[in-house]
1. Counting only residues that are basic (Lys, Arg) and over 11 Å from the mean Cα position of the chain (by Cα), which one in region 63-95 is farthest from Phe119 (Cα to Cα)?
2. Can you spot a residue in region 40-51 that is part of a loop (DSSP other than H, G, I, E, B) and in contact (Cβ under 8 Å) with a residue 24 or more places away in the chain?
3. So which of Val31, Val66 is within 28 Å of Pro108 (Cα to Cα) and part of a loop (DSSP other than H, G, I, E, B)?
4. Go over the candidates Glu78, Glu69, Glu125 one by one and state the one that is closer than 23 Å to Asn13 by Cβ and open to solvent by 80 Å² or more (accessible area, probe 1.4 Å).
5. Between a first residue in region 98-126 that is at negative phi and a second residue that is surrounded by 14 or more Cβ atoms within 10 Å (Cβ to Cβ) and among the small types (Gly, Ala, Ser), which pairs have beta carbons less than 9 Å apart while being 6 or more apart in sequence or on different chains?
6. Just give me the residues in region 87-115 being buried (at least 17 other Cβ atoms within 10 Å of the Cβ) and either modelled with pLDDT under 95 or β-branched (Val, Ile, Thr) (or both), in sequence order.
Amino acid sequence: MTPASYVRSILVNKISQLPNLSAEHIHAFFVGNDLTNTDPILVITELPDYSQDYGNSRPVSVKKQVQIEFYYPKDYQEDMSAIEQAVKDLLLANDLYCNSDAGHVLTPDTQNIENTLKFIYTKEEI
């Protein structure tokens, strides 16, 4: 399973723990035909591997990285920070650590609100 698919599966399987999010708006790699104007959209993509650990000249684990881009409608009224904290908490409970929170920005083209969170986790190679 790819890192993006792995993270998506965690989020979708525990969607009831994530306020104001729905599984249909959580995507791995690209958005596709999701044209909602009222709900947040999450896009999970992969980043380069961070590092590997070796034993007996063989890789025994690798640190994987993913990022989650949150897209909110420009007039979104719900608590965006609470949504993002719920995602951080759920992923932390699954040993994925948030190592970057870019902060909210307004996109120049669509005027949507966006934030990008980056996560790192260790995958055993044995």
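1. Here is the first cut: in region 63-95, the residues basic (Lys, Arg) are 63-64, 74, 88.
After this cut, where a residue has to be over 11 Å from the mean Cα position of the chain (by Cα) as well, the list is 63-64, 74.
Working: Lys63: 10, Lys64: 8, Lys74: 25 Å.
Per the stated criteria, the residue is Lys74.
2. The initial filter retains those residues of region 40-51 that are part of a loop (DSSP other than H, G, I, E, B), namely 40.
The next check asks that each one be in contact (Cβ under 8 Å) with a residue 24 or more places away in the chain; those that pass are 40.
Looking for residues that are part of a loop (DSSP other than H, G, I, E, B) and in contact (Cβ under 8 Å) with a residue 24 or more places away in the chain, one finds at least one in region 40-51, hence yes.
3. Values: Val66 fails: part of a loop (DSSP other than H, G, I, E, B).
Unique residue meeting the criteria: Val31.
4. Numbers: Glu69 fails: open to solvent by 80 Å² or more (accessible area, probe 1.4 Å); Glu125 fails: closer than 23 Å to Asn13 by Cβ.
Exactly one residue qualifies, and that residue is Glu78.
5. Thr122/Ser61; Lys123/Ser61; Glu124/Ser61; Glu125/Ser61; Ile126/Ser61
6. Val87, Asn112, Ile113
The values are calculated or read from the model by the stated rules, or taken from the named source; none is laboratory data. No experiment lies behind these values; they were computed from the predicted model shown. Positions of Cβ are backbone-derived with ideal geometry, glycine not excepted, and every protein chain shown enters the neighbour counts. What goes into the accessible areas is simple: the full protein's heavy atoms, side chains included, and nothing from ligands, DNA or RNA. Shrake-Rupley method; radii C 1.70, N 1.55, O 1.52, S 1.80 Å.
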